[in-house]
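*Asks:* Can you read through this structure? Questions will come right after.
The values are calculated or read from the model by the stated rules, or taken from the named source; none is laboratory data. Fair warning: this is a prediction, and the values are worked out from it, not measured in the lab. Because the Cβ atoms are built from the backbone with ideal geometry, glycine has one as well, and the counts that use them run over all protein chains shown. Remember, those area values only see protein heavy atoms, side chains included, never the ligands or the DNA or RNA. Shrake-Rupley method; radii C 1.70, N 1.55, O 1.52, S 1.80 Å.
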Amino acid sequence: MTDVKELLKRQARWQKSRQQLTWPEKIRMAEQVRDSVVALRRGSTGDRLADGPSKSAGRRTDA
Amino acid sequence: MQRRGVITSYALFGATAQMRYTEPVATLDADVLVQVPDPERLDVLADIYSFCAEKGYTTEGEAVRVGAWPAQFVPVFSDLTREAIREAETADFEGAALRVVRADHLAVIALSVGRAKDFARILALIESGCVDGNAIKDLAARHGLAAAWQRFEARFLHD
């Protein structure tokens, strides 16, 4: 369990260190993750669900 | 788009804006807060979509593919988002000037939406050191979200 905790701590430290990247570098990393996610979704669920649920479902508007 | 009067102002928000302040996060699109000349129109985004189509940008569902990113245009929908767009900062993005919502506004907008990933955004922004709890608390109170902030604090920030 200690090993797992240490692993998680190291992962958290690594993740936080990514804050030091420049904004464009972070955007490029996010692009790569996004492309992987889209490719995985297409592979597992077919094209219809490739892009995920609609974002407008999460938005609140003034009544 | 601004020069043509299609929008009067814009600012990047959501996850792509968050990344200016925190570590990279996973996101599928770029959210762009926009202020339009006639916000009462039923088809409030129609002129934006027409403009993008003229420029050869194609739609992908609700978003418009601009370069590498699907861009989702969100018209300002509250006093909070109006203030966020008005007080947005201008940042340099590889030589291009981009308006981006401030960290405190990002946090309070996230608080107002209230999904799990919005709470994660608030925590990431606080952990990054770009905004502190007091600033969020004050801004939240000014926009009728004092109770929401109290609940968030009790749930995530107090041991």
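*Asks:* Kindly work out what percent of the DSSP beta bridges joining two residues of chain B are antiparallel, to the nearest 5.
*Replies:* Percentage antiparallel, nearest 5: 70.
*Asks:* Follow-up. Under a point-charge model restricted to the Cβ atoms of Lys and Arg (+1) and Asp and Glu (-1), what is the dipole moment magnitude of chain B relative to its Cα centre, in debye to the nearest 20?
*Replies:* The calculated dipole for chain B is roughly 100 debye.
*Asks:* Computed over the Cα atoms of the stretch B:5-60, what is the ratio Rg over Rh, Rh following Kirkwood?
*Replies:* Result for the stretch B:5-60 is an Rg/Rh of 1.04.
*Asks:* By how many degrees, between 0 and 90 and to the nearest 10, does the Cα long axis of helix B:133-142 differ from the longest principal axis of chain B?
*Replies:* Computed tilt is about 60 degrees.
*Asks:* Separate question: Divide by every residue of the protein assembly as shown the summed helix terms, -39500 (n - 2.57) for each DSSP H run of at least 4, and state the resulting mean residue ellipticity at 222 nm, rounded to the nearest 500 deg cm²/dmol.
*Replies:* After summing the helix terms and dividing by the residues of the protein assembly as shown, the value is -14000 deg cm²/dmol.
*Asks:* Turning to a different aspect of this structure: Would you please give the residues with an amide H less than 5 Å from that of B:E60, counting only those at least 5 places away or on a separate chain, with H modeled from the backbone geometry?
*Replies:* Answer set, sorted by chain and number: B:R65.
*Asks:* Using the Kirkwood radius over Cα pairs, work out the Stokes-Einstein diffusion coefficient for the protein assembly as shown at 20 °C and 1.002 mPa s, in µm²/s as a whole number.
*Replies:* Answer from the Stokes-Einstein relation: 114 µm²/s.
*Asks:* While we're looking at this one, here's another question. Can you run phi through the Karplus equation (6.51, -1.76, 1.60; θ = phi - 60°) for the stretch B:74-88 and list ³J(HN,Hα) in whole Hz, with x for Gly and Pro?
*Replies:* These are the phi-based 3J(HN,Hα) values: 10, x, 4, 10, 6, 4, 4, 6, 5, 5, 4, 6, 5, 9, 4 Hz.
*Asks:* Follow-up. Ignoring everything but the protein chains, give the 1.4 Å probe accessible area of B:R142 in square angstrom, nearest 10.
*Replies:* 150
*Asks:* Need one number: % antiparallel among DSSP beta bridges in the protein assembly as shown, to the nearest 5.
*Replies:* 70
*Asks:* For B:A148 and B:E54 in one chain, what is 0.36 nm times their gap in residues minus the Cα-Cα distance, to one decimal in nm?
*Replies:* 29.6 nm
*Asks:* Under a crude label model (7 Å from the Cα following the beta-carbon direction), how far is A:K5 from B:F156 in nanometres?
*Replies:* About 2.4 nm, to one decimal.
*Asks:* Could you check how much of the accessible area of the stretch B:76-119 is carbon and sulfur, as a whole percent, using a 1.4 Å probe?
*Replies:* That share works out to 50 percent.
*Asks:* Indicate the gyration tensor shape class of the stretch B:97-159 (rounded, prolate or oblate), computed on the Cα atoms with a ≥ b ≥ c the square roots of the eigenvalues: a/c under 1.5 is rounded; otherwise a/b larger than b/c is prolate and the rest oblate.
*Replies:* Cα axes put the stretch B:97-159 in the prolate bin.
*Asks:* Which of the residues in the stretch B:19-48 show a loss of at least 50 Å² in accessible area from their chain by itself to the complete set of protein chains, at a probe of 1.4 Å?
*Replies:* B:M19, B:E23, B:P24, B:L28
*Asks:* Restricting everything to alpha-carbon atoms, can you work out Rg to Rh for the stretch B:40-159 with a Kirkwood hydrodynamic radius?
*Replies:* 1.03
*Asks:* Loop only per DSSP, at most 13 neighbouring Cβ atoms within 10 Å: give me the trypsin sites (Lys or Arg not before Pro) in the stretch B:31-72, ordered by residue number.
*Replies:* Of the trypsin sites (Lys or Arg not before Pro), the ones in loops of the stretch B:31-72 whose Cβ has at most 13 other Cβ atoms within 10 Å are B:R41, B:K55.
*Asks:* For A:E31, what accessible surface area do you get with a 1.4 Å probe? Give it in Å², rounded to 10.
*Replies:* 50
*Asks:* Which lysines, if any, have their Cα less than 26 Å from the Cα of A:K16, not counting same-chain residues under 8 positions apart?
*Replies:* Reachable lysines: A:K5, A:K26, B:K117, B:K137.
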